[in-house]
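In what follows, a structure is listed as C-alpha cells, so that the remarks can point back to it.
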Amino acid sequence: MIGSKKLQRHIEMQMTIDNLTQQIGSTGTLQGWLQQKRASKGLFFLVLRDGTGMVQCVVNQEKVDETSWQCATQATQESSLIITGEVLKDERQIGGVEIQVSSVEVIQYVDDYPITPKSHGIDFLMDHRHLWLRSRRPWAVMRIRNRIIMSIHKFFQERGFLQMDAPLLTKNAVEGTSTLFEIDYFGNPAYLTQSGQLHGEVMAMAFNKIYTFGPVFRAEKSKTRRHLIEFWMIEPEMAFYDLDMNMALAEDFLVRIASDVLSECDEELNLLGRNLDALQKVQSPFPRMTYTEAVELLKSDETRLKVKAKEEELHSEHSELQQERTSNQQNYGRLKEWKKRRVDAREIEINVRIGEIEEELRNLPQWWSSAESFEWGSDFGGSDETLLTWYFESPIIVHRYPEAVKAFYMKRDPEDDRLALGMDILAPEGFGEIIGGGQRADDLTFLEEQVRRHNLPKDAFEWYFDLRRYGTVPHSGFGLGLERTVAWICGIEHIRETIPFPRMLGRLSP
RNA sequence: UCCUCGGUAGCUCAACGGUAGAGCAUGCGGCUGUUAACCGCAGGGUUGUAGGUUCGAAUCCUACCCGGGGAGCCA
C-alpha cells in the first residue's frame, strides 16, 4: 500500500519546507504530516509540517482532481501526506510562502491523534513526549538546542581544543556519594558518571586543551524546574590556565552561543516569544564579583527593596486580573454565544495566572528571609541566585567561594586560605547557575590531604595523583549544563522541555 | 524526605452537599481566503483507588496511589 505512493526517492528531487523561500514560482513536491486543517466551501487550508518547518497548503476544489479533493477531505491531524503544488509568495503566512496545491496523496490516514491543537496539561504531554516532539514549541526548542551544540563545537574547535570523551562508567565518586547511580560491573560496584572532570584533567595534561561533551547522571531526588536525572554537560579543561583565563574563556563562550542563536534562529525564537533584547545584552564584559561581595549584595537593603518592588508589581497584576474577571462576569449575560466562549477561555487563563502570582507572593517573603539571614560560608540556594541576577541584565560571574562549599580538587586562593579558586556563572532573568568551574589544585600533598579530609578512597585516586607527580602545571576548567543553557536561551521556565526525552524523578518513559 | 496545590468526557476545565456541564477533538451538514476560522446537529461519564459521615457525596472526613509547584542538593 505504502509502496504504491509516489515517494520522492531521489534526494535531489526532494523539496523541504525550510528552503521554500528560494523556490518561489516553481512547482514541487513536499512530504510531511498534516499539522492542522481549516476548511471553507471549496477550499482546504492544510498546514503541513515536514520537520524542517511549517507551511500552509491551499487546496482549491476547482484546481485539483477528485482523488486529491477526497484525500484533503479525509485527511486528519498527523496523517502523512505527499503534496505537489506551486510555491507562492504570501506575506500573510509564517515563512512568507504558501503552496497552491495541484495534487494530494495520503500515505496514511490517522484516527484520533491524541495531541489536539488546544491546550494540554503537562502530565499528559510528558506521557506523550514521543508525539509531543512533533508540535511547534518542541520544534523550536530542539532546533535551538541543535544550534547551541553546533556553536559549542565551533567555539572550541576554532580555539584548538580537542574534543575527547570521558567514560560514563567509573569507579570514582566526584561529587557526593549520595547522588550516585550504582550498577553491577561483573560483581563489583561501578557508578554512572556525574562529571567528566577528573578524566578531563588527564586529557588536558596529554593534549593541552580539551573538552568533553556527554551525558552525566545524578541520582538526586530533586523535583524542581532546574533539575534532570540525566543531562548533558560540556566540560573544557585547559593546561596552563589560571582562574582569570578560565573566566575569560567562559565569558567569550556564552557570548558566542547567544550571538549565534540570535543571528540564526530568528523563526524559532519568535515562535517561542523570546524577548530578544535580553539575549542582545549578553555582551562582554560580564559583571564579576567575589563570593564575599555577592553575599553583601544579597543581604543589602537594596535587595529588600527589589523584593518589595516585585511584590507590588505582582499585587497590581493580581488586582488587574481580578477586575477583568469581575467585569467579564458582570457582562456575561449580554454576550453572544461565541463571545461567551472566548470569555470562558480567558477566565481559565486568568485563573492559571492568578494561581502563579499567588504562589510567587507566598515565596517572595521566604526568599528575602533566606537572603537576609544568609551567612558567609554557606552556598547560595536557588532563590539567592535569582535575587542576585535581578541586579544585572547579562550573566554574572561569582568567584572565590568558601572552600567548604566547593569540591575537594579546587585550588586554594593563595591570598586567603579560606577561599577556593572556583567560579560560577549565573544566567540573568532568574535562570541561575549554568556554569561551574575553577582552577584545579596542582599540589600533590594538598590533594592527598583533601582526599583524606573528605573521606574518599585514596586508592581509587592514585591515577589522579599521578597528574601531580609527573609534570604538574596550573590548570583550569569548567562545566556547562547544556539543558540549563537551552532553557535560558529559549526563555523556557522548565528544563524538561529542553531535552528530547527528559529523565526526572518518576519519569523514565517514553 | 519535607511543605503546598491538584486528580470530573480522548484533552482543557466548570459544577463546591440536592438532576454531572461547556469548549476542543471525532462524525454529519453549512459557508470560496481561513490563521487555535466560524455556524448548526450528534455521539461521548463507575468524578484516581479503598473506606467513612449523610435521607442524599464529584463536593465533607481518613488512608493510599499518581501528578504539579516549592525546599534541600546541584549544572
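Could you tell me what a quarter of the Cα convex hull surface of region A:373-478 works out to, in nm² with one decimal place?
Seen from a random direction, the Cα hull of region A:373-478 projects 7.8 nm² on average.
Round to a whole angstrom and tell me the spacing of the C-alpha centers of region A:198-230 and region A:387-406.
Cα centres, region A:198-230 to region A:387-406: 20 Å.
Per residue, how much accessible area does chain A show when a 1.4 Å probe rolls over the protein heavy atoms, in square angstrom?
On the way: 25500 Å² over 510 residues.
Roughly 50 Å² per residue, with all protein chains present.
Please give me, ordered by residue number, the trypsin sites (Lys or Arg not before Pro) of region A:59-164 that lie in loop per DSSP and have at most 10 other Cβ atoms within 10 Å.
A:Arg92, A:Lys118
What is the spread of the Cα atoms of chain A along each of their three principal axes, largest first, in whole Å?
Extents along the principal axes: 85, 62, 46 Å.
Keeping all protein chains in place and using 1.4 angstrom, which order do A:Phe186, A:Phe478 fall into by accessible surface area, from largest down? Before the final figure, lay out each step's value.
Working: A:Phe186 185, A:Phe478 5 Å².
Correct descending sequence by accessible area is A:Phe186, A:Phe478.
Give, to the nearest whole percent, the P(r) tail of region A:2-108 beyond 21 angstrom, counting all Cα pairs.
Numbers: 1456 of 5671 pairs.
Roughly 26 percent, rounded to a whole number.
Going through region A:382-431, which GluC sites (Glu not before Pro) have at most 11 other Cβ atoms within 10 Å and a DSSP loop state?
Those satisfying the criteria are A:Glu415.
Here is the link list: A:Lys154/A:Lys281; A:Lys37/A:Lys89; A:Lys310/A:Lys406. Which ones come out longer than 24 Å on Cα distance?
A:Lys310/A:Lys406
Output the antiparallel fraction of DSSP beta bridges having both residues in region A:2-108, as a percent to the nearest 5.
90 percent
When you take every Cα atom in region A:181-247, what is the radius of gyration, and what is Dmax, the widest Cα pair distance, in Å?
For region A:181-247, the Cα-based Rg and Dmax read 14.9, 45 Å.
Can you compute the modelled spin-label distance between A:His153 and A:Glu324, with each label point 7 Å from Cα toward Cβ, in nm?
4.4 nm
Calculated FRET efficiency, A:Glu359 and A:Glu302, Cβ-Cβ r, R0 30 Å, to nearest 0.05?
Between A:Glu359 and A:Glu302 the formula returns 0.75.
Mind jotting down a quarter of the surface of the convex hull over the alpha carbons of region A:457-510, in square nanometres, one decimal?
If you wrap the Cα atoms of region A:457-510 in a convex hull and average its projections, you get 7.1 nm².
Give me the one-decimal nm value for the distance between modelled label points at A:Glu349 and A:Asp466, 7 Å along each residue's Cα-to-Cβ direction.
It is 6.3 nm.
Please list the radius of gyration and Dmax for region A:222-301, considering alpha-carbon atoms only, with Å as the unit.
So, for region A:222-301, Rg and Dmax equal 16.6, 43 Å respectively.
The values are calculated or read from the model by the stated rules, or taken from the named source; none is laboratory data. Here the structure is a predicted model, which means the values were calculated and not measured. A quick note on method: Cβ atoms are made from the backbone with ideal geometry, for glycine too, and the neighbour counts reach across all protein chains shown. For accessibility, only protein heavy atoms count, side chains too; no ligands or nucleic acids. Shrake-Rupley method; radii C 1.70, N 1.55, O 1.52, S 1.80 Å.
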